[in-house]
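Here's the structure we're looking at; comments come further down.
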Amino acid sequence: MMFFYYFYRLNNEQKIYLSIMEIKTYKDLLCQFEQLPKQDIRPTFMDICKYPGSRFEEVCSRILQFYLNPFAEHGLHDLWLLALWRASGQGETLPFYNKVECVTEEYARDKRIDIIVKSEEFVIAIENKTTADLYNPLDIYANHIHKNYSEKKQKILIVLSVFPLLDSKSKNWMTQNGFRPILYKDLFAEVNKELGNYMMSCDQKYFTYMLDFMKTIDNMNNANNKREFDFFMQNKESIKGLINRYNEFQEGIRSQQMEQIASLKERVEEMTKVNWWVWKGWDLGVSFHDKANRIGIEASFEATEKGCCGKFHIYITTWNKAHWYPYKNDVLKSFPNYIKLDENCGNRTYLHLPIIDGDKADEIVNALVEAYDKLKAMTDKIQ
């Protein structure tokens, strides 16, 4: 025997039904999603600055150039160089050095190597990949290093990337040219292992910048979290089903709201003797002074547990923030019982009037007409 449960009553004729098994499946799915670890992806300073978008890789290369130099002003000495050395599988300790030079964009024929780190005994070439695919001429880079740094005992070629380069073409291209892949997260892991030994000597300003840089890269990884990826891949058909059900549910709600809005429109037009507009079928409105200092009324239903038209919202609104100020004082005096003033909604302003139960059609119509009469009287004075 099949049992059914409907999760929203649209009207006496139309209901959306879900079987008990479907309800359980979707509930279990949502519970699994809630149990995924929540990632802290609050924006960093670099995120806020938009880093800048198309030049992010270059920005990261310059930041790495700074921190990989043991003699730079950060005061972290060789923390990052040691971390890179270990992450690339070179051993636990760095070779002896008296000086280290770090440069970016070193020319190799008509191409450029992102980062070069060189000391008396070694040279490290880094191809930095933050978002782009690996299309670079690694063969030219490798030839440049072997030809121009032939005296160095160790020549280390690295592709440093945020995301694993898993395609066979990239893997083969790196292998053929002697490059080894390193992930940012593995480099950061090595930095974090030794960080405590360098804290006392570091410059706090540059330490803060370093943490912000690392968090920016971590945010990129978190946005592509593997556990979330696996969850969506394993449950994609069920998720599609839930999305389809929810869209049907929303369409049913919107259909009911549109019917009620059409009915309200007829009544308020009859009482105000002007045309009201309806946007997308569910947003009822009227406006004054459309060519200058436009102000008006917008109103719509909100679905609640009581039904598709559970609550009714009325707003006094301007479509340009500058148009609000000539009316502000008069509007606030005329609607002293408002519940909220939102002056920071993009370029628009909304004054929220008291919410009305959606089934009280007469009260809704009277409130709309009253708001219209007050705005008309107010705008008639400002011609």
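Looking only at residues in the range 327-353 that are within 34 Å of the chain's Cα centre (by Cα) and among the aromatic types (Phe, Trp, Tyr), which one is farthest from LYS374 (Cα to Cα)? For the range 327-353, the residue satisfying everything is TYR350.
Here's the yes/no breakdown for (1) closer than 29 Å to ASP47 by Cβ; (2) crowded, with 17+ Cβ neighbours inside 10 Å; (3) assigned by TED's automatic domain parsing to the domain that holds LEU134; (4) under 23 Å from the mean Cα position of the chain (by Cα):
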| site | (1), (2), (3), (4) |
| --- | --- |
| ASP186 | yes, no, yes, no |
| VAL191 | yes, yes, yes, no |
| GLU194 | yes, no, yes, no |
| PHE232 | yes, no, no, yes |
| GLU248 | no, no, no, no |
| LYS265 | no, yes, no, no |
| LYS273 | no, no, no, no |
| TRP279 | no, no, no, no |
| LYS291 | no, no, no, no |
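Cβ-Cβ distances below 6 Å connect the following pairs, each with a first residue in the range 81-95 that is closer than 16 Å to LYS118 by Cα, a second residue that is in a loop (DSSP other than H, G, I, E, B), and a separation of six or more residues or different chains: LEU81/PRO70; LEU82/LEU94; TRP85/LEU94; PRO95/GLU121. Scanning the range 253-281 for residues being assigned to a helix (DSSP H, G or I) and not β-branched (Val, Ile, Thr) gives a total of 16. Of the listed requirements (1) farther than 30 Å from GLY91 by Cβ; (2) in the same structural domain as ASP133 (by TED's automatic domain parsing), LEU211 misses just one: (1).
When the range 328-383 is filtered for residues that are in a helix (DSSP H, G or I), under 26 Å from GLN256 (Cβ atoms) and among the acidic types (Asp, Glu), the ones remaining, listed by number, are ASP362, GLU363, GLU370. Of the residues making up the range 167-209, those that are more than 18 Å from LEU76 (Cα to Cα), in contact (Cβ under 8 Å) with a residue 60 or more places away in the chain and not in a helix (DSSP H, G or I) are ARG180, ILE182.
In the set ARG254, ARG245, only one residue is of a type in the set (Lys, Arg) and at pLDDT 90 or above; that residue is ARG254.
The values are calculated or read from the model by the stated rules, or taken from the named source; none is laboratory data. Quick caveat: nothing in here was measured; it's all calculated off a predicted structure. Positions of Cβ are generated from backbone atoms using ideal geometry, with glycine treated the same way; all protein chains shown enter the neighbour counts.
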